[in-house]
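K.L.:
One structure is given below, represented as structure tokens, and several questions about it will come after.
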Amino acid sequence: MLPRLFPYTDPLAQAPLAARPHIFCSEGRSMYAVIQTGGKQERVAEGQRVNVERLGVAAGDEVTFTPILVVDGASVLTGGQLAGASVAARVVGEAKGTKIRGFTYKNKTNQRKRWGHRQKYTMIEITGITKG
């Protein structure tokens, strides 16, 4: 079989949301939300554990996030419809990402620099999603 040179385009990708029932209940969950933290957006569902950028909160504390999008069955809430909506989470602990090693140099001048980075994350468990 020959490899695909172009990505496969789903003919339903441009269809309205009602014609795409497969996006509503993926992974067997009927309600999920999209939250923004640390400059990144994350799709979460109740009971799910997620690593987010370090929050500086002790383990066991409760944190709340304001959702960007909430999907509950066939209803999709965005923008102004989310007044009062929130996502509650419990901090489980902290984790570290993989080590990134870098090396820079400039030729003919003996300038060399080695550097490394290891991102720190806070692991949270989603305890509830409210639509407000």
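K.L.:
Would you please give the residues with an amide H less than 5 Å from that of THR127, counting only those at least 5 places away or on a separate chain, with H modeled from the backbone geometry?
P.N.:
GLY47, ALA88, ALA89, ARG90
K.L.:
Between LYS40 and ARG118, with labels modelled 7 Å along Cα→Cβ, what's the label distance in nm to one decimal, could you check?
P.N.:
About 1.8 nm, to one decimal.
K.L.:
Which residue, chosen from ALA59, HIS117, VAL92, occupies the Cα position most advanced towards the positive end of the dipole of the range 22-130, where the dipole is computed from +1 (Lys, Arg) and -1 (Asp, Glu) charges on Cβ about the Cα centre?
P.N.:
The residue sitting most towards the positive pole is HIS117.
K.L.:
Another question, if that's okay. Under 22 Å from the Cα of LYS120, which lysines turn up, not counting those fewer than eight places away in the same chain?
P.N.:
Partners within reach: LYS40, LYS96, LYS99.
K.L.:
What length, rounded to one decimal in nm, is gained on full extension from LYS131 through to ASN110, with 0.36 nm per residue of separation minus their alpha-carbon distance? Don't jump to the answer; show the numbers that get you there.
P.N.:
Details: separation 21, 0.36 × 21 = 7.56 nm, distance 5.96 nm.
This chain segment gains 1.6 nm when fully extended.
K.L.:
Let me ask something else about it. Karplus couplings for the range 82-97 from phi (6.51 cos²θ - 1.76 cosθ + 1.60, θ = phi - 60°), rounded to Hz, Gly and Pro as x?
P.N.:
8, 4, x, 6, 8, 10, 9, 9, 10, 6, 8, x, 10, 9, 10, x
K.L.:
Relative to the Cα centre, what is the charge dipole magnitude of the range 22-130, using +1 at the beta carbon of each Lys and Arg, -1 at the beta carbon of each Asp and Glu, and rounding to the nearest 20 debye?
P.N.:
Details: 16 positive and 9 negative charges, 291 e Å.
About 1400 debye.
K.L.:
At 0.36 nm per residue, and after removing the present C-alpha to C-alpha distance, how many nm does the segment from ILE68 to VAL92 gain when stretched out fully? Can you show the working numbers first?
P.N.:
On the way: separation 24, 0.36 × 24 = 8.64 nm, distance 2.31 nm.
That works out to 6.3 nm of additional length.
K.L.:
Moving on to the next point. For THR78 and LEU55, what is the calculated FRET efficiency with R₀ set at 22 Å and r taken between the beta-carbons, to the nearest 0.05? Don't jump to the answer; show the numbers that get you there.
P.N.:
Working: r = 25 Å, r/R0 = 1.12.
Computed FRET efficiency for THR78 and LEU55 comes out at 0.35.
Readers should treat all values here as calculations from the given coordinates under stated rules, not as data from a laboratory. Since we're looking at a predicted model, the values are computed, not measured. A quick note on method: Cβ atoms are made from the backbone with ideal geometry, for glycine too, and the neighbour counts reach across all protein chains shown.
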